[in-house]
Amino acid sequence: MWLSYRNSNSKDVKNKAEGEVVRLIGWIFTKREHPEKIFINMRDRYGYIQLVASKEMLKEKFKDVREANVESAIAVEGVVKYDKRAPGGVEIHLTDFKVVAPADIWPVTLSALKSPEFMFDKRHLTIRGPRSRAVLLIRSALIQSAFEYFTKNDYVMINAPTFITSAVEGGATLFELKYFGDKAYLTQSAQFYEEAAICVFEKVFVIQPSFRAEKSRTRKHLTEFWHIEAEVAFAEHNDIMRVEEELLSYIVSRLNELVGEEIKYIRGDLLKEFTPPFEKISYDEAIEILQKKGVEIEWGEDFGADEERALSEEFDEPFFVTGYPVEIRSFYHMPDPNRPEVTLSSDLMAPGGFGEITSGGQRIHDYNALLNKIKKMGLDPSEYEWYLEIRRYGMPPHSGFGMGVERVLRWLLDLPHIRDATLFPRTPSRLYP
Ligand code: 4AD
Ligand code: MG
């Protein structure tokens, strides 16, 4: 009934002529009251529109407007009026007003806005605010753009399981759970399932949650995050870096088109667009840069948050760090045949102190080479039986990568914390709401 009642919306109103009658549904975002007139800033899926309620036009219904609390769901009818003083230059002078669902007094006060903990305890309500609204719309557009990029380039979308039996990215961050009589884990990455699927589809991608029992409380880690991953058969390390830089460039330019208004609301300006190829530096060069800056790090050590910050401060566009040492990468990474102490792998780093946004590289596709590597790293080959077995049946050289949705969104929008980039964040200290 209400959906068919609506014949316009906050955005579409601007296409209507002065004097046209429109019917809208939405929520009262703010209210400004005067004795004879009440101004409502109404919110719907498309944005905001000013409603003007006057005693003169609404008669006894004017009382209903006065009594309706903010966040009440409403259905209104009114006349389109262009007025320079109205936000957006147009407003609706109400001829009818109905409360579809009333609201209690809104608990999110101005002083509550200053407490992030309170705001996240009430996240089921605070997501209605203009800032979360904009961020979540941009997030939706980011995932849409990634989907577009992959489908335009002949990738097949697959869906991998969430319950799994062995680690992709090391045991330290595995969530363990009871699975009837057995032990299972929550997936850290769909990579292994993608590797199986490339022997059917050549190019596959997933967009789905990954889980990490990251105990460290950082502004860049969630325990549950959304992972954009792709895997390509017959592709070498350089080929996959090309995909990563194209994907990121595509996402950024599409976001400016799709949600430019929301991006400007959050950052003040549109996103800076990039053109591939991105700069590539070797891990060795990265170590040199860090050591020159006085950072205490030796060749062979992994980058922590401080090193990533110090390194990426030196760049103002995204860049790759390539050729990480074998010891600091997962077992599946292909060693460089010319220099077996390093891998054919890379991280894409966001500039300006941000750091890692993707990890990827070429995989070991040879059965015996992978078996030896698993043993050499002290892992149990029986845990990787099916993963090994796919290498006995025509597994070509292949490469892939993973990119965290919230990580990228936090960088692009310069958000203070990664939890701001997701609807209901999960961190070591937050499992509610
Ligand atoms: O670097 P990671 O751990 O790599 C993998 O999982 C590979 N198996 C991916 C692949 O090759 N298919 O994770 C990839 C990306 C990171 O660069 C980061 O953007 C994001 O996933 N990520 C996280 N985002 C939020 N919270 C966390 N705890 C994250 N851990 C990784
Ligand atoms: Mg990584």
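Descriptive notes on the structure:
- Each peptide in 377-384, 401-408, 41-48 receives the mean, over its residues, of other Cβ atoms within 10 Å, and ordering these scores from highest gives 401-408, 41-48, 377-384.
- Each helix, a run of at least 4 DSSP H residues, gives -39500 (n - 2.57); summed and divided by the residues of the chain, these come to -9000 deg cm²/dmol at 222 nm.
- Members of K183/K203; K14/K81; K16/K59 lying beyond 20 Å, as alpha-carbon distances in this model show: K183/K203; K16/K59
- Least to most buried among I158, I127, I198, I40 (fewest other Cβ within 10 Å first): I127, I158, I198, I40
- For the range 67-128: rounded, prolate or oblate by the Cα gyration tensor [a/c cutoff 1.5]: oblate
- Spacing of the modelled spin labels on R66 and E148, each 7 Å from Cα toward Cβ, amounts to 4.9 nm.
- Note: relative contact order over the range 333-433, using C-alpha pairs below 8 Å and six or more positions apart, is 21 percent.
- More than 18 angstrom apart: percent of Cα pairs within the range 5-54: 32 percent
- Compared with the alpha-carbon gap, the fully stretched path from E77 to L423 is longer by 121.4 nm at 0.36 nm per residue.
- Working note: Cα atoms of the range 289-402, range along each principal axis, descending, whole Å: 46, 27, 25.
- Over all pairs of different C-alpha atoms, the chain has a mean inverse distance whose reciprocal, the Kirkwood radius, equals 24.6 Å.
- Scalar couplings 3J(HN,Hα) for the range 5-12, obtained by applying the Karplus form with A = 6.51, B = -1.76, C = 1.60 to θ = phi - 60°, are 5, 5, 10, 7, 8, 4, 8, 5 Hz; x denotes Gly and Pro.
- Tensor-based shape of the range 269-345 (alpha-carbon gyration tensor, a/c under 1.5 rounded, otherwise prolate or oblate): oblate
- Cα-based shape type of the range 118-274, given that a ≥ b ≥ c are square roots of the gyration tensor eigenvalues and the cut on a/c is 1.5: oblate
Laboratory data are not the source of any read-out in this text; all were calculated from the coordinates shown. Computed from a predicted structure; not experimentally measured. With ideal geometry, Cβ positions are generated from the backbone for all residues, glycine too; neighbour counts draw on all protein chains shown.
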